[in-house]
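Accompanying notes for the structure given below.
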Amino acid sequence: MTAARRPAHVAVRSGKLRLTTFGTRTVLSLDEAHALVDDLREALRSAELHEARQLLRDEDEIRTAADVREGL
């Protein structure tokens with residue numbers, strides 16, 4: 001992605017949300033747009049939880065490795 005190219009453009013006209021992402025145009029009703037936003041929020045929450053869980057696992061592995069080293 002270059003600085004000159006925006007990944008998304010959003011406009012609302014005539015009660016429709018017009019979304020252009022990477023050259024693909026989509027027109028959604030406002031109800032569909034709200035549902036999409038809800039789905040995106042949930043996906044982001046899920047991804048953040050997954051990332052947080054992975055960080056905790058990584059931290060546990062680091063602690064375990066440190067404990068093993070101290071025991072040697």
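The values are calculated or read from the model by the stated rules, or taken from the named source; none is laboratory data. In this text the structure is predicted, and so the values were computed from the model without any measurement. With ligands, DNA and RNA removed, areas are computed over all heavy atoms of the protein, side chains included. Shrake-Rupley method; radii C 1.70, N 1.55, O 1.52, S 1.80 Å.
Here are some notes:
- Counting only alpha carbon atoms, the long axis of helix 30-71 and the longest principal axis of the chain meet at about 10°.
- J(HN,Hα) series, the range 8-21, from Karplus relation 6.51 cos²θ - 1.76 cosθ + 1.60, nearest Hz, glycine and proline x: 8, 9, 10, 9, 10, 9, 6, x, 10, 9, 10, 10, 10, 10
- The coefficient of translational diffusion for the chain, derived via Stokes-Einstein from the alpha carbon Kirkwood radius under 25 °C and 0.890 mPa s, stands at 154 µm²/s.
- For the chain, the share of accessible area belonging to carbon and sulfur comes to 56 percent (1.4 Å probe, ligands and nucleic acids excluded).
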